[in-house]
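Readers should treat all values here as calculations from the given coordinates under stated rules, not as data from a laboratory. No experiment lies behind these values; they were computed from the predicted model shown. Quick reminder, even Gly has a Cβ in these numbers, built from the backbone with ideal geometry, and neighbours come from all protein chains shown.
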Amino acid sequence: MKKSVAILILILVIAIVGPWISPHDYAAVDFSRILQSPSLGGMHWFGTDALGRDLFVRTLLGIRVTLLVAVVASLVSLVIGVTYGAVAGYVGGRVDAIMMRFVDTLYALPFIFFVILLMVAFERNFFLIFVAIGAINWLDMARIVRGQTLSLREREFVDAAKLIGVRTPQIISRHIAPNLIGIVVVYVTLTIPQAILVESFLSFLGLGVQEPQTSLGALVDEGVNHMEGASWLLLIPASLLALILMCFNFLGDGLRDHFDARNGS
Amino acid sequence: MLRYTLLRLLGAIPTLLLVIVLAFLMVHAAPGGPFDSERALPPEVAEDIEKHYRLDEPLPQQLLRYMSGLLQGDLGPSYRYRDYTVSELIASGFPLSLQIGALAMGLALIVGVGAGTLAAQRKNTLVDRIVMGFAMTGISIPVFVVAPVLVLLVAVKLHWLPAGWSGSPGFAKYVLPVITLALPQIAYIARLTRASMIDVLSRDYIRTAYAQGLGTKAIIRVHALKPAMLPVLSYMGPAVAAVLTGSVVIEEVFGIPGLGQFFVRGALNRDYTLVLGIVIFYATLIVLLNLIVDILYGVIDPRVRQR
């Protein structure tokens, strides 16, 4: 778990700082140096792509975009999931039953196809990618938050708040939500790799970020087109994507086990 | 059991309706029409096209027409593949996708359950750790990374198997796509099987079976496998959804002319009716499979029927 955090922080720092230090621009096309193989001593550490752009800078930019989309999408799913789950759990009764039945119904749907539909219907814009990915990942969060809220609402401080006349929306936002932070943090860690997967899947299909912007999924897609002869274009972004996903999964698994163990004792 | 089955059937209908209406409205809420991207048309021609595809009617009427078409298996004409209806395109692409998807699911079930059972039997040994390590890797690395890397290694560098689809002979071309599609599912199923097998093997009736002198193999086959399969069974719905999503990638990478390829091409060409039709088709498939899983669950575990 500690190793995962260390690797993720390292990658994040390099991705943020790297493009500033590097002399290359991510969008600068240079036809005199196309498809140069990686060399640590030379100009281009990760080589260049079919348009002569520096792969090192492009990969770092891709990591930035991928992580940014994932974090913002997770925040969107956090806001929707926590609100929905807290309301269902706190209000309870028939409202709860209907709200959770709706979540069950949505669970059965192939959401990724709806995201693609959304991308087709509305021009692919960045904002929509965030919202769409966030909108498909809130279901787990809603379920977990609801479960937690069910037990929270029986606590004395909630009774006390009711007694002095605090209204329901305030009770949910001021008294219930802050007590959910622990469990929510754990599940956000597990939501981030899912969001990364969706974003890179869309970009891989050519439905995500558009040129000259890039993301890890888009870079893998480019790599596939040149894999015979220029395999580094595929292998470098692909292994970085896999590494990031594995770190998040290990971290999330570890946090959940830790949390469950504490709950059990 | 009949009551349980009927209730499940009734429950699936609102889900399907929701899917259809949601998908339909999403496509029709799009700014601009499906033919805007082509060069500017004279207004008369544009009007003619709209009339031909019945886009001039009010939205509720279009929705009703679409739904009544659906009931007859008619998903309307494709906007990009002229002279083809969406139903014809689905019918031409689906059999191949089904073949590969079914092979992958079969492989995933056999290998996943096998590996998971093995890991559970040898809990906390080297075998267990190796299996679980592979499973974690399989879960983390997305299909669209595994597929091209495998093609690069096995097909391009080593020449063991063909990289493409068309022109490749017989069975060999199935190997890579099926394995790639199955890998993440093997990983998930192995993890699920291991966890539930460990749980089942610690029950009292298993201890009794040991006390009666049964061997481990017989105990697992006769007593443990069926109850341990319940979580795997309920994972079948999401698994099928994941395999469908994966098949979109696999068909792009390997150049397989299946439904997934139509879907991606349709999405990139903004072929609204085709994409809409395929989404509804996929969704219906998944809802139906979830329904079958639910009913099977009731068959295997009678306690579920009471609820």
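Numerical summary
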{"item": "The range B:100-258, relative contact order [Cα under 8 Å, separation at least 6], %", "result": "35 percent"}
{"item": "Inter-label distance, nm, simple model (7 Å from Cα along the C-beta direction), residue B:204/residue A:6", "result": "4.8 nm"}
{"item": "Potential extension, residue B:84-residue B:222 segment - 0.36 nm per residue separation minus Cα distance", "result": "44.4 nm"}
{"item": "Listed residues B:188, B:79, B:210, most fluctuating in chain B (Gaussian network, C-alpha, under 10 Å)", "result": "B:210"}
{"item": "C-alpha long axis of helix B:126-140 to longest principal axis of chain B, angle in °", "result": "10 degrees"}
{"item": "In nm, spacing of pseudo-spin labels at residue B:99 and residue A:211 (7 Å Cα→C-beta vector)", "result": "3.5 nm"}
{"item": "When the range A:2-263 is reduced to its Cα atoms, the Kirkwood hydrodynamic radius in Å", "result": "20.4 Å"}
{"item": "Residues of the range B:265-282 with amide N under 15 Å of a point placed 7 Å along Cα→Cβ from residue B:62", "result": "B:271-277"}
{"item": "Part-to-part distance (alpha-carbon centres) for the range B:266-307 and the range A:211-225, which is given in Å", "result": "32 Å"}
{"item": "For residue B:85, distant residues with modelled amide H under 5 Å away", "result": "B:78"}
{"item": "Mean-position separation - Cα centroids, the range B:180-250 and the range B:45-79, in angstrom", "result": "46 Å"}
{"item": "log₁₀ of I(q)/I(0) at q = 0.11, 0.13 Å⁻¹ - the protein assembly as shown, Debye sum with one point per alpha carbon", "result": "-1.20, -1.58"}
{"item": "Length-normalised contact order for chain B - Cα pairs under 8 Å, 6+ apart - percent", "result": "28 percent"}
{"item": "Helix axis angle, B:43-52 relative to chain B longest principal axis, alpha carbon, degrees", "result": "50 degrees"}
{"item": "Average Cα contact separation per residue, the range A:2-263, under 8 Å, 6 or more apart, as relative contact order %", "result": "23 percent"}
{"item": "Lysine pairs within chain B, Cα separation less than 21 Å, 8 or more sequence positions apart or different chains", "result": "4"}
{"item": "Angle between chain A longest axis and helix A:138-152 axis [Cα atoms, degrees, rounded to 10]", "result": "30 degrees"}
{"item": "Estimated dipole of chain A in Debye, rounded to 20 [Cβ of Lys and Arg +1, of Asp and Glu -1, Cα centre]", "result": "920 debye"}
{"item": "Separation in nanometres of the label points that stand 7 Å from Cα toward Cβ, at residue A:173 and residue A:253", "result": "4.0 nm"}
{"item": "Peptide B:260-270, shielding by other chains (average Cβ, 10 Å cutoff)", "result": "3"}
{"item": "Table column - 3J(HN,Hα) (Hz), the range A:6-16, Karplus curve with 6.51, -1.76, 1.60, x for Gly and Pro", "result": "4, 4, 4, 5, 4, 4, 4, 4, 4, 5, 7"}
{"item": "Listed residues A:107, A:90, A:26, most fluctuating in chain A (Gaussian network, C-alpha, under 10 Å)", "result": "A:107"}
